[in-house]
Amino acid sequence: MTSEPEQQWGVGTQDAFQRLWTPHRMAYIQGENKPTGPGADDGCPFCSIPAKSDEDGLVVRRGEHVYAVLNLYPYTGGHLMTVPYRHVADYTDLTAQETAELAELTKQAMTALRTASGAHGFNIGMNQGTVAGAGIAAHLHQHVVPRWGGDTNFMPVVGHTKVLPQLLADTRKMLAEAWPTA
């Protein structure tokens, strides 16, 4: 089926592109769920997530010092983060136990993502400080972003949007089931 592109009046330059809307991203852009200050009691979502059920908090795995949680605003399907329970901003402030468990949960996340989704590679890292791109700079978190050959298709380049083929709740369940046992 082919059709003539619709004129997009009121959405900026008339370029005859049809649009895919990602309104869930507006919450992130507008700073919804961002802390109001640097303290643990200033609305830090990483401090409140552990009190929720795994399903409600999108928690995939809980360790003694660190937990793994799906990113609410993912770059790709399966994008998760390893987060210390303790409200600490800088990597150098982690204890030896927290550092070791952060590394171990990151390794386990890679294994689970390979098992559950066949990820070909990963972007792994953390942004330290607002100037480095940290969305929530007051609470350290490490991103684990699965990648697949050819995953940078026309959508992010032309459409300026990401396509996530699965609901976060379904992704959380799939990864929790694929998580390796220690």
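Determine whether Thr92 is surrounded by 13 or more Cβ atoms within 10 Å (Cβ to Cβ) and of a type in the set (Val, Ile, Thr). No; evaluated as a whole, the condition is false for this residue. Out of the residues in the range 95-125 that are polar (S, T, N, Q) and surrounded by 15 or more Cβ atoms within 10 Å (Cβ to Cβ), state the one that is nearest to Leu140 (Cα to Cα). This residue is Thr99.
Asp151 fulfils the conditions (1) acidic (Asp, Glu); (2) surrounded by 12 or more Cβ atoms within 10 Å (Cβ to Cβ); (3) modelled with pLDDT of 85 or more except for a single criterion, (3). For Lys162, the conditions (1) surrounded by fewer than 16 Cβ atoms within 10 Å (Cβ to Cβ); (2) at pLDDT below 90 are fulfilled apart from (1). Answer yes or no as to whether Asn71 is closer than 22 Å to Leu168 by Cβ and open to solvent by 70 Å² or more (accessible area, probe 1.4 Å). The answer is no for Asn71.
Is it the case that the range 33-48 has a residue that's farther than 16 Å from Leu167 by Cβ, open to solvent by less than 40 Å² (accessible area, probe 1.4 Å), modelled with pLDDT of 80 or more and assigned to a loop (DSSP other than H, G, I, E, B)? Steps first, answer last, please.
So the first thing to find is which residues in the range 33-48 are farther than 16 Å from Leu167 by Cβ, and the list is 33-48.
Okay, now just the ones that are also open to solvent by less than 40 Å² (accessible area, probe 1.4 Å), so 35, 37, 39, 44-46.
With modelled with pLDDT of 80 or more added as a condition, the list becomes 44-46.
Still in the list and also assigned to a loop (DSSP other than H, G, I, E, B): 44.
Yes.
When you look at Gly78, is it in a loop (DSSP other than H, G, I, E, B), open to solvent by less than 20 Å² (accessible area, probe 1.4 Å), within 26 Å of Gly43 (Cα to Cα) and at pLDDT below 95, yes or no? Judged against the criteria, Gly78 is a match.
The values are calculated or read from the model by the stated rules, or taken from the named source; none is laboratory data. Everything quoted here is computed from the prediction, not taken from an experiment. Ideal geometry is used to build each Cβ from the backbone, glycine not excepted, and the neighbour counts take in all protein chains shown. These accessible areas exclude ligands, DNA and RNA; they are computed on the full protein's heavy atoms, side chains included. Shrake-Rupley method; radii C 1.70, N 1.55, O 1.52, S 1.80 Å.
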